[in-house]
Every structure is written in C-alpha cells, then in structure tokens.
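Right, one structure below, let's go through it.
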Amino acid sequence: MKAIDNKELIIALDELEKEKGIKKSYLIESIETALITAYKRNYDSMDNVKVLMDNETGEAHLYSVKEVVEVVENPNLQISLEDAKNISKKLEIGDSVDIELAPKNFGRIAAQTAKQVIIQKLREAERDILYTEFNDRKGEIVSGIIQKADGGVVVLDLGKLEGIMPPKEQIPTESYKVNGKVRGYVLDVTRGTKGNPQVIVSRTASDFVRKLFEFEIPEIYEGLIEVKSVSRDPGSRCKVAVYSTNPDIDPVGSCVGQKGVRIQNIINELNGEKIDVIEWNEDPAIFISAALLPAKVMAVDVKQDEKFAQVIVPDDQLSLAIGKSGQNARLAAKLTNWKIDIKSESQFRQMLSEMQNKTENDVDVE
C-alpha cells in the first residue's frame, strides 16, 4: 500500500542524514516500529504484524505474519497449509508467511506517524548532539547569563543549553542576580527528566581555580609551569602549588605577575578570595613549610610512611600558622596531602621536657 507521500518522505530522510547525521536506516526502522504500534492502537489488534518500508521509494507495507499449520486454531496468527500453498507452492508446515493488510484510513495514520517520528528523532538527535558537545567540555570554563537566582539553584543561559549551579557549587560570599553574567567550571553534564541535557556548573571547585590560572598565566597554558595542587575555602582563601622544571623560570613570580597584576585578575574573578601561590617541592619538609605561609616555620619532622609532619613554629607565629578557625593549617594539609601537627617552640620544649621526665621516672621505678 502507498501509505505515505513517498517522495517527500525520502527527501526528508536524506536531508536529516546529511545535515543532522541521523542514519536513514535508523529513521526507517523507527517509523516501521511506530506504525506497528499505531496499527495495534487504532485497530484494536494484537495480530503479529510487521511493517516494511522501501528505502528507495518510501512505500510502506503492512503485513500480518502467520504460521503455516495443518489445522488452524487461531486464524489471527495461523494459516492452513492449503491456503498457504495458494500464496507460494514452496511453503510448508512450520513456515511463516507475510500477508499484506490494507486497513481503511491506515494511509493517513501512517503519514501522521511518520511525521511524528521524524520530529521526535530530530529532537532526540539535537539533544544528543548538544549532550556530546557539552560532555566534551567537562573541565572547561563557560560563561552564562543568570536566568534564575532565588537563593536556591542558580539557572544559567549558556546559549544552546541550560546551566545549573546548585547551592553547594556557589561561592558563599557571592550574590547572584538575574541577567548578571557569570563564569563557572563545567563539573558534569546530565540528562534531565525529558532527556534534555543539563550542564552542572561550579564556582567552588578547586579545578575552577586551576583553569583560571591556565587562562591568566601563559606559562601554565604553554606547559612551562605546572599547577601541582589546589586547596580552597571558596570565597575566603585558596592555596595553589606551582612548579617548573625550567630553573630559569620563577613559577611563583610568573603567576603573581608584575605588581600582582596576573593574580589580581583571578582574585577579582573569585570576588576577592585570597590566594597564596606556593612553589611545589618534592621534599615534603620544604613543601609543607611553604604551604604554611605566611607563617614562618622553624623545623619540620616528617614520617614518610604515615605521611605525617610535626611542624615547629616560633611562639609568635603559632596563631598565624594555624589560621582563623584552623583555616591555614587545614588548607596546607589539603594542598600537600599530609597530616600536619603544628606546635609552638614553647609547646615543643615543654613536650620534650615531659617526655624526658617520664623517661627518668621510668628508670627510677626499675
């Protein structure tokens, strides 16, 4: 049966394959499946039916698939051997035969179904293309216009897609206003309830800072300087460890820039978040000392197996080394990935004295 405006259909399928990359064979198979569903729904039929569409002409044919049997018990699913022989002399018991159907008004239903399938598959393809495009951009920075900011999730217009910035990905000290422009780090790309891609954007991720350094510091982008690690209290303070294998390059100075211009651009992007740039060192004692800046360190005793460091600082440097609410010590520990215990010189001397007294008492007891 000629159920569809065949020429227009084939032209449309060819164009979709060429322009959108949707395989013509996939579309035809999808239309065939949809036509079977439409037939069963509209004609209240549970027959074992199939649809075949000609790839070149676009003609769609509806068939009832019946099994050849000696005695017919279910005429909807079976055909007698005698009747089957009238169709083809080669048919035997156990074979299947396709009997073409031509239900009234099915041509109109077929045309509507084909159109709906094409629209649906086109939308799915566009969603898949966008999903792939943004999924490939995970780990990059994107800019968006704020569409919604009511104290909960911030919704961003990223042009082709919608960006979502959950509360935990928002810098606590920032306020977001509708129509404001904001940059963020692509944390993940998910599919929403209707299959629409959603981009999860973060401004609190440590990798957001890492990427900002790559943007602002040409030496990092070119691979001359490496960002070894980043630790953050978003909106408050950040520590960044940098390193260069080139002895002629000052990694810290390059990142800070002349008169602090380079680092100031990053601080401005992070709404005033303080940034300590530290030179990474393979010697954990040297690295840990640097990580505790701006505090001055007297000595560092490391236990490599436990990744534990005992740090001694001058008495007047203890509060600075620990930081407000333990922030400096916490960020240093995260930056170095070492457990750090900080004691003042007086505390350390007292600890040594107590240990010595204990040892002497133990000897006296013996």
Among 274, 343, 303, the residue with the largest mean-square fluctuation in a Gaussian network model of the chain built from Cα contacts under 10 Å is 303
Any idea what Rg and Dmax come out to for the stretch 84-123 if you just take the C-alpha atoms, in Å? 17.0, 47
Can you compute the FRET efficiency between residue 135 and residue 355 using 1/(1 + (r/R0)^6), with r the Cβ-Cβ distance and R0 = 56 Å? Round to the nearest 0.05. 0.45
Whole-number D in µm² s⁻¹ for the stretch 283-361, Kirkwood Cα-pair radius fed into Stokes-Einstein, 37 °C, 0.692 mPa s: 255
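How much FRET efficiency would the formula 1/(1 + (r/R0)^6) give for residue 112 and residue 250, where r is the Cβ-Cβ distance and R0 is 51 Å, rounded to 0.05?
Result of the calculation: an efficiency of 0.10.
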Tell me whether the stretch 163-211 comes out rounded, prolate or oblate; compute the Cα gyration tensor, take square roots of the eigenvalues as a ≥ b ≥ c, and use a/c under 1.5 as the rounded threshold. oblate
Distance violations [Cα-Cα > 18 Å] among 303/339; 66/90; 228/259; 20/160: 228/259
Which residue fluctuates most in the GNM of the chain (Cα springs below 10 Å): 332, 205, 110? 110
In terms of the Cα gyration tensor, with a ≥ b ≥ c the square roots of its eigenvalues, is the stretch 216-366 rounded because a/c is under 1.5, prolate because a/b exceeds b/c, or oblate? prolate
Over the chain, calculate the relative contact order: mean separation of alpha carbon pairs under 8 Å at least 6 apart, over the residue count, as a percent. 9
Going 7 Å from the Cα of residue 168 in the Cα-to-Cβ direction, what parts of the stretch 176-219 have a backbone nitrogen less than 15 Å from that spot? 187-188, 200-206
How much net charge surrounds residue 145 when only the other residues with a Cβ under 10 Å from the Cβ of residue 145 are counted, with Lys and Arg +1 and Asp and Glu -1? 0
How big is the gap, in Å, between the Cα center of the stretch 225-258 and the Cα center of the stretch 5-24? 53
Residues meeting the amide H criterion for residue 48 (H placed from the backbone, H to H distance under 5 Å, 5 or more places apart or on another chain) are 65
If unit charges are put on Cβ atoms (+1 for Lys and Arg, -1 for Asp and Glu) and the dipole of the stretch 137-202 is taken about its Cα centre, the option from 196, 141, 179 lying farthest towards the positive end turns out to be 196
Burial-style ranking of 35-43, 319-327, average other-beta-carbon count within 10 Å with highest first, yields 35-43, 319-327
Matching label, Kirkwood radius over Cα pairs in Å computed from the structure shown, candidates [x] 21.0; [y] 27.3; [z] 21.8: [y]
Extension gain, residue 298 back to residue 271 (0.36 nm per residue minus Cα-Cα distance, nm): 6.3 nm
Furthest towards positive pole of dipole, 60, 119, 335, structure part the chain, Cβ charges: 119
Based on Cβ point charges of +1 for Lys and Arg and -1 for Asp and Glu, what charge dipole magnitude is obtained for the stretch 109-212 about its Cα centre, in debye rounded to the nearest 20? 100
Scan the chain and note any complete DSSP helix (H) whose C-alpha atoms cover at least 15 Å along its axis and whose Kyte-Doolittle average is -0.5 or more. 24-42, 106-135, 206-216
Which value, in debye to the nearest 20, describes the size of the charge dipole of the chain about its Cα centre when Lys and Arg Cβ atoms bear +1, Asp and Glu Cβ atoms bear -1, and nothing else is charged? 1420
Restricting to the chain, compute how many DSSP beta bridges are antiparallel as a %, nearest 5. 70
If I build a Gaussian network model for the chain, linking alpha-carbon pairs within less than 10 angstrom, which residue out of 157, 276, 248 has the largest mean-square fluctuation? 248
Rg and Dmax of the stretch 6-134, Cα atoms, in Å? 18.1, 61
Using alpha-carbon positions, the gyration tensor of the stretch 236-315 gives root eigenvalues a ≥ b ≥ c; with a/c under 1.5 called rounded, otherwise prolate if a/b exceeds b/c, else oblate, the class is prolate
Between residue 76 and residue 14, what is the label-point separation in nm under the 7 Å Cα-to-beta-carbon projection? 4.1
What does the charge dipole of the stretch 283-361 about its Cα centre add up to, to the nearest 20 debye, if the Cβ of each Lys and Arg holds +1 and the Cβ of each Asp and Glu holds -1? 340
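Values quoted throughout were computed directly from the atomic coordinates according to the rules given, and no laboratory measurement underlies them. Computed from a predicted model, the values in this text were never measured in an experiment. Here Cβ is always computed from backbone atoms with ideal geometry, including for glycine, and neighbour counts include all displayed protein chains.
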